[in-house]
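Data block below; observations after.
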Amino acid sequence: ETGVTQSPTHLIKTRGQQVTLRCSSQSGHNTVSWYQQALGQGPQFIFQYYREEENGRGNFPPRFSGLQFPNYSSELNVNALELDDSALYLCASSAGLGSGETQYFGPGTRLLVL
Amino acid sequence: KNQVEQSPQSLIILEGKNCTLQCNYTVSPFSNLRWYKQDTGRGPVSLTIMTFSENTKSNGRYTATLDADTKQSSLHITASQLSDSASYICVVSAEGSGNNRLAFGKGNQVVVIP
């Protein structure tokens with residue numbers, strides 16, 4: 001176990017709906033990154049938060065938004081859900097921004113959009 | 001084109017046998033390379049991390065090698081066990097880029113059968 005938790009574990013939504021996924025980072029970690037992983041693919045970087053500020057964003061539309069709280073937990077919000085948003089959503093926490101900092105992944109939230 | 005290519009995409013091996021997974025990358029300038037193990041429906045867990053000056057690193061029955069000149073890495077699994085059935089993801093970081101610009105491979109899917 002990495003100490004990173006995510007909720008919910010599974011979620012079913014319909015097209016057009018909105019969803020909020022949550023992540024609690026490992027104790028002492030101030031950085032949270034969010035990834036989308038389609039079946040059979042590697043994780044795709046959505047965005048990263050460092051001390052409550054966004055620090056980098058991948059190639060995802062604005063309907064993917066996030067938030068980091070003072071306790072460094074984080075939320076991923078997706079508006080106007082599309083069928084292609086069906087995926088495993090992973091969050092990863094780290095102790096900082098450096099490339100040498102290991103990211104510790106949570107178990108993921110499996111989202112199915114119908 | 002993906003900056004990290006892994007092969008084979010999938011393989012099936014008998015319990016007790018060895019196997020080797022390959023990772024080729026084009027990320028430059030190179031900072032470090034990690035191998036993660038991802039069980040089905042779970043988050044990735046870090047196995048090894050190697051920097052430019054390291055050419056081999058072990059973690060139990062897992063041994064990773066790195067040739068920074070040819071930009072190749074391998075992960076060798078010795079005496080495979082059923083619990084080794086998972087996807088193994090190669091992740092490469094560029095120098096000075098921070099950990100929000102990681103390049104992920106699609107993974108090697110390993111199935112160990114009794």
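The values are calculated or read from the model by the stated rules, or taken from the named source; none is laboratory data. All values reported here derive from a predicted model rather than from experimental measurement. Don't worry about glycine lacking a Cβ; one is built from the backbone with ideal geometry, like all the others, and counts go over all protein chains shown. For the accessible areas, the whole protein counts, side chains as well, though only heavy atoms, and no ligand, DNA or RNA atoms are used. Shrake-Rupley method; radii C 1.70, N 1.55, O 1.52, S 1.80 Å.
Some observations on this one:
- Of the candidates B:73, B:83, the single residue that is of a type in the set (Gly, Ala, Ser), open to solvent by 60 Å² or more (accessible area, probe 1.4 Å), at pLDDT 95 or above and not in a loop (DSSP other than H, G, I, E, B) is B:83.
- Check on residue B:43, on the phi > 0 side of the Ramachandran plot, surrounded by 14 or more Cβ atoms within 10 Å (Cβ to Cβ), in contact with a Leu (Cβ under 6 Å, 6 or more places away or on another chain) and within 11 Å of another protein chain (Cβ to nearest Cβ): no
- Within segment B:49-70, considering residues that are more than 14 Å from chain A (Cβ to nearest Cβ) and charged (D, E, K, R), the one most open to solvent (accessible area, probe 1.4 Å): B:69
- Among the residues of segment A:74-105, the ones that are assigned to a loop (DSSP other than H, G, I, E, B) and modelled with pLDDT of 95 or more come to 5 in all.
- Taking the criterion of being in a strand (DSSP E or B) and under 21 Å from residue A:93 (Cβ atoms), the residues of segment B:95-110 that qualify are B:103, B:104.
- Single condition residue A:68 does not satisfy, out of (1) of a type in the set (S, T, N, Q); (2) over 25 Å from residue B:10 (Cβ atoms); (3) out of contact with any strand residue (DSSP E or B) (no Cβ under 6 Å at 6 or more places or on another chain): (3)
- Qualifying residue in segment A:16-31 (condition: assigned to a strand (DSSP E or B) and within 12 Å of chain B (Cβ to nearest Cβ)): yes
- Of residues in segment B:24-40 being farther than 24 Å from residue A:87 by Cα and of a type outside the set (S, T, N, Q), the one most open to solvent (accessible area, probe 1.4 Å): B:29
- Residue that is among the aliphatic types (A, V, I, L, M) and facing chain A (nearest Cβ under 8 Å), where the choices are B:89, B:77: B:89
- Extreme residue, nearest to the other protein chains (Cβ to nearest Cβ), among residues of segment A:62-114 that are aromatic (Phe, Trp, Tyr) and free of Cβ contacts under 8 Å to residues at least 40 places away in the same chain: A:64
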